[in-house]
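All remarks here apply to the structure that follows.
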Amino acid sequence: MADVTASLIASARPALDEGLLRALAASLGEDAAAVQRRLAALARYEAADEPDRVRHLWRFTNPAALLPAAIGTAAAGGAPARAPRPGDAAAVIDLWPGMAPVLETAPGLPEGTIMLAAGADAGAQPATDLFGALNEAAWNAGATVKVAAGARLAGPIHVRVHAAGPAALPRLRVEVGAGAEASVVEQHVGGGPDVRVAGRTFVAAGAGARVRHALVQVWEAGTCGHLAVETAAAADADVLTVCGVFGGDDTKLEVEAVLAGAGARSEIIGVALVAGKQHADVHTCHRHAAAHTASRIDYKAVAGQQARSTYTGLIRIDDEAHHCEAYQENRNLLLSSRARADAIPELEIHNQEVSCSHGATIAPVDEEQLFYLESRCLDPREALGLVVGGFLENTLARLPDDARAMVESFVGPRLATIREGTA
Amino acid sequence: MSDQMLSPDHPSVVFACRNLRVFVKDGDNEKLIVRGVDLTVRRGEKHALMGPNGSGKSTLAAALMGHPSYRVEGDIWLEGERVDTLEPHERARRGLFLSFQYPVAVPGVTVANFLRASLAARRGAEIPVRAFRQELNEAFATMSIDPSFITRYLNDGFSGGEKKKLEILQMLLLKPSFSLLDETDSGLDIDALKIVSEGINLASGPQNGLLLVTHYQRILNHVQPDVVHVFMNGHLVRTGGMELVSALEERGYDWLADEAAVAEGSRA
């Protein structure tokens, strides 16, 4: 039986070869070193095992549903129209499959504050997993954004990652120099039926840097994909990772935050709102690799209709990482009897001088709360909206004001459509 | 005095029910809790409903509001219109109000946001922020609730007294035509009971009515009902005035057990 499953996934794995990758590199104007990195990744892609569906990390999501059918070299469609730069943004970057990244900075921003380079390979650890190696070999939209050491950006950097064509393979690297403060909003937009995405994002926070990185997935219906985020916090750096899963059909999002330097802090705040037959499979890992580091995870999922939420969360404390604090919380609210949530918290602790805790709940919406609100003149949709808003409130309250406003701008409309379907 | 023969759509009647029967799910079967209640409340009247524990008083109140756990047979009339087929929020918007025995906490929703949404729904129009704030401050002062509660989460971590005061505050703001007050006096100290009673009296007027479910004479001394009903075993077994309350305080409910049995027999 296992062999049959493995062969099904193997057959779903898109074919890659050297000619294709060379053509892809040529279309993006890459140098020889970049081509060699792609070819090295190709070897790892071909050697990569299929995700093991017996283990919990892939038990709930079929990787075959996320993989693109084929990888091409041509840009998807003609020259796309760019949305205007939001007024408060320090810069906007658009990433389209098969096209070079486009940067637009706010007028008056000192030269060298934000720098953009095509591609995103510098400093990345070679990936050995199937999705990681696929992205590394065949990425078709890539950018490295560098924020100069000591810079203080007044507004966020918006990165709009467009899902298009049969396969969007975006690759983004954000490097925030020592002592700098930066906020990056990575919005995954676009997509449609049969569009598949395999994306990778790396966020490196230099010593003492303060970085806010938000990844918001608002794909069109029909889109499926795998998104991975790796953050690394150097000594005394402070990294906030905000995740929002709202759109698409099936999404697997993996966030691995490494507290690499002493005194580093990392917080992950996540919200998923899914309905219909959507599936949001979110995995977080906080790895404490240094002493005196602190991490916190607060992930909330709301599932309506027949939607499904899966959360697996690992806190790992390395041998040398004494005097660490780690907390993980996952709460799930089910709006219908057919919605489903799974929560699997994990602790892997190799040093005893630490403080770690976690909590997880899965609960249906409280009918008595709804009746109370309805007895106060609120119709069932308004009542449900208040209850769901209340459920998310203490999580959203942890966000800085502008990040909260940004997340709420996606929560509100999504909730409205979920209520339409539920009422 | 109320007149059971008055037609439920008579202009002087604010609330009525006829042959009300309430069923609750009991495994695969249904259990009859309220066994045929006729009630007529005229405008300006305050009625009290007393009865032993487990007699079905709270079930009656929740079912009249439209709680989804109950199946209801019979008519419910509010201001001359049938409301028994309406959803709870539709009944509420037409002026029916239920003060909960155990008000439900809704964490994450502030009292202010909840009240603003509720009032807008009742009045059919958004309320300007400044006007709303002023109205809220006045109501909080009337009910002697600390204004800091405006920004707290609804009933979340409130004491029993605070919850009951907030229930009556909502009654004042929503201006219902008929209020069901389910043991609003339970769990209140002497001061809070006085404040809650005064709030109820303030919300009462010549055009509306209320049904106050209680175990105790104390609140009735403050609220002074026009009509007192005794509810036992799913029936209204006796209707009278305040003298009935004194008799119950003195003699308990046992002496009415025979009447309850007769009522049971007559319905069977």
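The values are calculated or read from the model by the stated rules, or taken from the named source; none is laboratory data. Since this is a predicted model, take the numbers as computed values, not measurements. Glycine gets a Cβ as well: all are built from the backbone with ideal geometry, and neighbour counts include every protein chain shown. Remember, those area values only see protein heavy atoms, side chains included, never the ligands or the DNA or RNA. Shrake-Rupley method; radii C 1.70, N 1.55, O 1.52, S 1.80 Å.
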Checklist entry - Which whole-number percentage describes the relative contact order of chain A, with Cα contacts under 8 Å and a sequence gap of 6 or more? => result 9 percent
Next on the checklist: Restricting to Cα pairs below 8 Å that are 6+ residues apart, what does the relative contact order work out to for chain B? Please round to a whole percent.
Outcome noted: 25 percent
Item to check | Stretch gain in nm, segment A:Ala221-A:Thr417, where the contour uses 0.36 nm per residue and the Cα spacing is subtracted | outcome: 69.3 nm
Checklist entry - Considering the zone a paramagnetic label at A:Ala81 would reach in this model (a point 7 Å from Cα along the Cα-to-Cβ line), which residues of the range A:93-109 have amide N under 11 Å from it? => result none
Checklist entry - Considering the zone a paramagnetic label at A:Met115 would reach in this model (a point 7 Å from Cα along the Cα-to-Cβ line), which residues of the range A:140-156 have amide N under 14 Å from it? => result A:144-151
Checklist entry - Taking the highest mean first, how do the peptides A:90-103, B:201-214, A:135-148 order by number of other beta carbon atoms within 10 angstrom per residue? => result A:135-148, A:90-103, B:201-214
Item to check | Separation in nanometres of the label points that stand 7 Å from Cα toward Cβ, at A:Asp49 and A:Ala64 | outcome: 1.9 nm
Next on the checklist: Quick check: residue separation of B:Lys175 and B:Asp189 times 0.36 nm, minus the Cα distance between them. What number comes out in nm?
Outcome noted: 2.5 nm
Next on the checklist: So if I place +1 on the C-beta of Lys and Arg and -1 on the C-beta of Asp and Glu, and nothing else carries charge, what would the dipole magnitude of the protein assembly as shown be about its Cα centre? I want it in debye, nearest 20.
Outcome noted: 1100 debye
Checklist entry - Residues of B:80-92, mean number of Cβ from any other protein chain within 10 Å of their own Cβ, rounded to a whole number? => result 3
Checklist entry - To the nearest 100 Å², how much accessible surface do chains A and B cover up together, summed over both, with a 1.4 Å probe? => result 2000 Å²
Item to check | Anchor A:Lys300: lysines whose Cα lies under 21 Å away (excluding residues fewer than 8 positions away in-chain) | outcome: A:Lys252, A:Lys277
Checklist outcome for this item: Here the net charge surrounding B:Gly80, from other residues whose Cβ is less than 15 Å away from its Cβ (Lys, Arg +1; Asp, Glu -1), is +1
Checklist entry - Among residues other than A:Arg210 whose Cβ falls under 13 Å from its Cβ, what is the net charge (Lys/Arg +1, Asp/Glu -1)? => result -1
Item to check | Linear extension gain, A:Glu325 paired with A:Arg381, 0.36 nm per residue minus alpha-carbon span | outcome: 16.1 nm
Checklist entry - Distance in nm between label sites at A:Gln306 and B:Arg152, each 7 Å beyond Cα in the beta-carbon direction? => result 4.5 nm
Checklist entry - Straight-line reach from B:Lys31: which lysines have Cα under 27 Å away, leaving out those fewer than 8 places along the same chain? => result B:Lys57
Item to check | Projected label distance in nm at B:Gln207 and B:Glu73, using a 7 Å step from Cα toward the beta-carbon | outcome: 3.7 nm
Checklist entry - At a Förster radius of 51 Å, what calculated FRET efficiency corresponds to the Cβ-Cβ distance of A:Ser355 and A:Val102, to the nearest 0.05? => result 0.65
Item to check | chain B: C-alpha pair distances exceeding 30 Å, % | outcome: 28 percent
Checklist outcome for this item: Taking Lys and Arg as +1 and Asp and Glu as -1, residues besides B:Asp9 with C-beta under 12 Å from its C-beta add up to -1
Checklist outcome for this item: Of every hundred units of 1.4 Å-probe accessible area on the range B:104-157, the number belonging to carbon and sulfur atoms, as a percent, is 52 percent
Checklist entry - At what distance in angstrom do the alpha carbon centres of the range A:353-407 and the range B:20-93 lie from each other? => result 31 Å
Checklist entry - Taking chain A as a Gaussian network, where each spring joins two C-alpha atoms under 10 Å apart, which residue of A:Asp121, A:Asp52, A:Asp250 fluctuates the most? => result A:Asp52
Checklist entry - With +1 on each Lys and Arg Cβ and -1 on each Asp and Glu Cβ, how big is the dipole of chain B about its Cα centre, in debye rounded to the nearest 20? => result 720 debye
Item to check | Label zone at A:Ala363, where the point sits 7 Å out along the Cα-to-Cβ direction: the range B:86-109 residues whose backbone N lies under 16 Å | outcome: B:103-109
